[in-house]
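Peer 1: Sharing a structure below in structure tokens format, with a few things to ask.
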Amino acid sequence: MEPETLLITGFMPFGGDPVNPSWEAVKALPDRIGGFSLHKLLLPVEFGCAADLAYAEAQAIRASAVLCVGLAAGRTAVTPEAIGINIRDARIPDNAGAAPKGEPIEPDAPAAYFSTLPVRGMVEAIRSCGVPSALSYTAGTYVCNDLLYTLLHRFANTGTRAAFIHVPAISEQFPLTALCRALEAAIEAIR
């Protein structure tokens, strides 16, 4: 059976950090996991632009699913996101210098969308491989949420499913190998 295509994205460094663990983990993944052929994409930390690039790539490769990965440095678990909300509110400027405050991502669109991949199953799968994980109900209001919300909005009522996972910073508790193991488990949980 031909594998389905999964677009998996990570982000460029931002906020003065030299690396972004989201991309380090994504690029270290094998090219095939479970029933999916992985197509990896590095995204800029820029409002609107990241989502436009991911959406265009997903369309071009006919992805059946899109899994985006981003950094939440203060978190102590790998956290699949349950919901994306329709707001841009930057604590710091993005890599293009944009710092929106309280702006809608999509005017006249729903306030929120729920992830369309099995995020609860992902949490259980990640825990089962020995990596701390929890379901998150806030993807924040920065570029990560902007990406999640935009993809869920654009893929609403289509066959393409999408979700977002935040990973903590690489540390003794969360070495790169643990982040990779968590992402592999999450992908294997997609049915």
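Peer 1: Could you tell me whether residue 116 is of a type in the set (Ser, Thr, Tyr), surrounded by fewer than 24 Cβ atoms within 10 Å (Cβ to Cβ), modelled with pLDDT of 95 or more and over 24 Å from residue 6 (Cβ atoms)?
Peer 2: Judged against the criteria, residue 116 is not a match.
Peer 1: Within region 91-113, can you find the residues that are surrounded by fewer than 18 Cβ atoms within 10 Å (Cβ to Cβ), among the hydrophobic types (A, V, I, L, M, F, W, C) and in contact (Cβ under 8 Å) with a residue 12 or more places away in the chain?
Peer 2: Once the filter is applied, which keeps residues that are surrounded by fewer than 18 Cβ atoms within 10 Å (Cβ to Cβ), among the hydrophobic types (A, V, I, L, M, F, W, C) and in contact (Cβ under 8 Å) with a residue 12 or more places away in the chain, region 91-113 yields 92, 96, 98, 109, 111, 112.
To keep it simple, each residue is scored yes or no on (1) within 20 Å of residue 65 (Cβ to Cβ); (2) of a type outside the set (Val, Ile, Thr); (3) surrounded by 24 or more Cβ atoms within 10 Å (Cβ to Cβ); (4) in contact (Cβ under 8 Å) with a residue 12 or more places away in the chain.
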site	(1), (2), (3), (4)
132	no, yes, no, yes
136	yes, yes, no, yes
144	yes, yes, yes, yes
148	yes, yes, yes, yes
153	yes, yes, no, yes
171	no, yes, no, no
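Peer 1: Check 66, 26 and return the single one that is in a strand (DSSP E or B), surrounded by 14 or more Cβ atoms within 10 Å (Cβ to Cβ) and touching a residue at least 60 places away in the same chain (Cβ under 8 Å).
Peer 2: When all the criteria are applied, what remains is 66.
The values are calculated or read from the model by the stated rules, or taken from the named source; none is laboratory data. Treat the numbers as computed from the prediction; the structure is a model and nothing was measured. Cβ atoms come from the backbone with ideal geometry, glycine included; neighbour counts cover every protein chain shown.
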